[in-house]
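Peer 1: First the structure, which I've put down as structure tokens, then a few questions once you've had a look.
The values are calculated or read from the model by the stated rules, or taken from the named source; none is laboratory data. Everything quoted here is computed from the prediction, not taken from an experiment. Reconstructed Cβ throughout: ideal geometry from the backbone, glycine too, with neighbour counts over all protein chains shown. To get the accessible areas, we keep the full protein, side chains included, count just its heavy atoms, and leave off ligands, DNA and RNA. Shrake-Rupley method; radii C 1.70, N 1.55, O 1.52, S 1.80 Å.
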Amino acid sequence: MSKQTYPVDIAGYHVELPVLPIDNDLSIAFFNLHGAQALTEHCGKQLAKLVEGADVVITAESKGLQLAHCVARNLGQEFYAVARKTKKLYMQDGIEVTVKSITTKNVQTLYLSEHDTELIRGKKVAIVDDVISTGGSLQGLEALVAKAGGTVFAKAFVLAEGDAADRDDVKFLATIPLL
């Protein structure tokens, strides 16, 4: 039996995304940058163009990590901020917010280290991630930026899923449907 895929052109880079069920009535075209070096580099370069002028980049772990790395490098930034999903030992003096996302189905907490909080304070911040769908993770990242004393300068994603493609407050490289 062959797997169903969904074709997407991401700013000139063609991919076939596997279609995966989330529940009985909903499937997604699953986008995964883990291990996809050439695709990640391409997306990072394209997103950097969309957030040019930002002082610092932030993302949520884990699928956004390598993307934020590439975006920050393309912008000439030495550091980028990472919102973690578990509180690490070095994060005792950091900040946290609670969010809900379509891919996790549960409420989760995002943590920002003191180092990353200081990196963001008083800066124009670009939020970057792989996919925006319901906007739950984005709300969490926006709350972290505000709590850290930064200003959201841009919100950029590789893919906008479903109704997220209709938002005028985010930038993205391509769209995918909820199936």
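Peer 1: Checking ASP25 against (1) at pLDDT below 95; (2) open to solvent by 50 Å² or more (accessible area, probe 1.4 Å); (3) closer than 18 Å to LYS171 by Cβ: exactly one of these is not met. Which one?
Peer 2: (3)
Peer 1: Let me ask something else about it. Which of the residues belonging to region 104-135 are under 19 Å from MET91 (Cβ atoms), in contact with a helix residue (DSSP H, G or I) (Cβ under 7 Å, 6 or more places away or on another chain) and touching a residue at least 60 places away in the same chain (Cβ under 8 Å)?
Peer 2: Selection gives ILE120, VAL125.
Peer 1: Find all pairs meeting these conditions: Cβ atoms under 6 angstrom apart; at least six residues apart or on different chains; first residue within region 3-18 and over 17 Å from GLY44 (Cβ atoms); second residue open to solvent by less than 70 Å² (accessible area, probe 1.4 Å) and not in a strand (DSSP E or B).
Peer 2: Within 6 Å, the pairs are LEU17/PHE30; LEU17/PHE31; PRO18/PHE30.
Peer 1: I need the full set of residues from region 43-78 which are more than 16 Å from the chain's Cα centre (by Cα) and hydrophobic (A, V, I, L, M, F, W, C), in order please.
Peer 2: Once the filter is applied, which keeps residues that are more than 16 Å from the chain's Cα centre (by Cα) and hydrophobic (A, V, I, L, M, F, W, C), region 43-78 yields only LEU75.
Peer 1: All but one of (1) part of a strand (DSSP E or B); (2) over 15 Å from THR175 (Cβ atoms) hold for VAL15; which doesn't?
Peer 2: Of the numbered conditions (1) part of a strand (DSSP E or B); (2) over 15 Å from THR175 (Cβ atoms), the odd one out for VAL15 is (2).
Peer 1: Another question, then. Name every residue in region 49-62 that is at negative phi, at pLDDT 95 or above and open to solvent by 10 Å² or more (accessible area, probe 1.4 Å), in order of residue number.
Peer 2: LYS49, LEU50, GLU52, ALA54, ASP55
Peer 1: Here's something else I'd like to know. Could you check how many residues of region 138-170 are in contact (Cβ under 8 Å) with a residue 24 or more places away in the chain and either within 19 Å of ARG73 (Cβ to Cβ) or not in a strand (DSSP E or B) (or both)?
Peer 2: So the answer is 20.
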